[in-house]
Amino acid sequence: MIEGRAVRLRRAVRGDAERFREILGHPAVARWWGDAHSEAAEACDPPENIRAYAIEYEGTVVGLIQSCEEPTPEYRSAGLDIAVDAHRHGRGIGGDALHTLARHLFEVAGHHRLTIDPAADNAGAIRLYRRLGFRPVGLMRQYERRPDGTLRDGLLMDLLADELVAPGRS
């Protein structure tokens, strides 16, 4: 269990799959994620290099957050992904969860750099990530193939350990 200001992150378990499908399947979230069923299943049974967590807020699972760690010593870092229940957007849950996991990855796991790669047109996510200290690195053209076959640009952003800003303090 990793404690944040208002959220708790706990390792995802198979029993979270249905709740994750609900969150990822909502149109406001689904537009940024892939297939809700496969994404939820993978979050509950992730590959070896991915750590998936349920985001708990006021005793309820309200999202999921993942880290994908690069273990090679010369490039040791981690990438992040997050999804929060659309009915809970705007409450600071995503910022708290990201800050909590980032702090854990820096202080406990020993990473010095994190990345996140929102869709280039996901303005709300990009604003949030900037407030936490992430900086744009560059545009990744035709980065992601959507379920309908279209390609979408991504924005690579990174954050160094000493750049992390607590939510609400930027």
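The values are calculated or read from the model by the stated rules, or taken from the named source; none is laboratory data. Values in this document were obtained by computation on a predicted structure and should not be read as measured data. When we count neighbours, we look across all protein chains shown, and the Cβ atoms used for this are built from the backbone with ideal geometry, even at glycine. Heavy atoms of the whole protein, side chains included, go into the accessibility calculation; ligands, DNA and RNA do not. Shrake-Rupley method; radii C 1.70, N 1.55, O 1.52, S 1.80 Å.
Please determine whether any residue of region 40-47 is open to solvent by less than 10 Å² (accessible area, probe 1.4 Å) and out of contact with any strand residue (DSSP E or B) (no Cβ under 6 Å at 6 or more places or on another chain). If you could, list the steps in order and put the result at the bottom.
Initial filter on region 40-47 (open to solvent by less than 10 Å² (accessible area, probe 1.4 Å)): 40, 43.
Then keep just the ones that are out of contact with any strand residue (DSSP E or B) (no Cβ under 6 Å at 6 or more places or on another chain); that gives 40.
Yes - at least one qualifying residue is present in region 40-47.
Quick check on my filter: what residues within region 122-143 are more than 17 Å from I82 (Cβ to Cβ) and surrounded by 13 or more Cβ atoms within 10 Å (Cβ to Cβ)? Walk me through it before giving the result.
To start, the set of residues in region 122-143 that are more than 17 Å from I82 (Cβ to Cβ) comprises 135-143.
Result: P136, M140, Y143.
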- Quick one: is V62 within 18 Å of P147 (Cα to Cα) and either β-branched (V, I, T) or touching a Pro at 6+ places or on another chain (Cβ under 6 Å) (or both)? no
- Item | Enumeration of residues in region 144-164 that are surrounded by 13 or more Cβ atoms within 10 Å (Cβ to Cβ) and within 13 Å of A120 (Cα to Cα) | E144, R152, D153, G154, L155, L156, M157
- Message: On the basis of being within 28 Å of P136 (Cα to Cα) and open to solvent by 10 Å² or more (accessible area, probe 1.4 Å), does R19 make the cut?
- Response: no
- Item | Search result, residues across region 22-38 that are more than 18 Å from R152 (Cβ to Cβ) and crowded, with 19+ Cβ neighbours inside 10 Å | I23
- Message: Here's a check for you: in region 52-81, which residue that is farther than 16 Å from V13 by Cα and in contact with a helix residue (DSSP H, G or I) (Cβ under 6 Å, 6 or more places away or on another chain) is surrounded by the fewest Cβ atoms within 10 Å (Cβ to Cβ)?
- Response: Y57
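Select, from P147, P118, the only residue that is of a type outside the set (S, T, Y), touching a residue at least 60 places away in the same chain (Cβ under 8 Å) and within 17 Å of V84 (Cα to Cα).
Checking each option against the conditions leaves just P118.
In the set A17, A28, A97, which member is assigned to a helix (DSSP H, G or I), at pLDDT below 95 and not β-branched (V, I, T)?
On the way: A17 fails: at pLDDT below 95; A97 fails: at pLDDT below 95.
Result of the check over A17, A28, A97: A28.
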- Identify, please: which residue in region 82-94 is assigned to a helix (DSSP H, G or I) and touching a helix residue (DSSP H, G or I) at 6+ places or on another chain (Cβ under 8 Å) and is, among those, farthest from Y57 (Cα to Cα)? A86
- Message: Given the criterion over 21 Å from R103 (Cα atoms) and in contact with a His (Cβ under 7 Å, 6 or more places away or on another chain), identify the matching residue among A41, A78, A86.
- Response: A86
- Close pairs from region 80-92: first over 26 Å from F106 (Cα atoms), partner part of a loop (DSSP other than H, G, I, E, B) and open to solvent by 20 Å² or more (accessible area, probe 1.4 Å), Cβ under 7 Å, at least 6 apart: A86/H26
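Out of the residues in region 96-149 meeting the condition of being among the small types (G, A, S) and over 21 Å from R76 (Cα atoms), tell me which one is nearest to the chain's Cα centre (by Cα). Before the answer, list the steps.
Here is the first cut: in region 96-149, the ones among the small types (G, A, S) are 97, 102, 109-110, 119-120, 123-125, 133, 138, 149.
Cutting the leftovers down to over 21 Å from R76 (Cα atoms) gives us 97, 119-120, 123-125, 149.
Working: A97: 8, A119: 13, A120: 15, A123: 15, G124: 14, A125: 10, G149: 23 Å.
Of everything passing the filter in region 96-149, A97 is nearest to the chain's Cα centre (by Cα).
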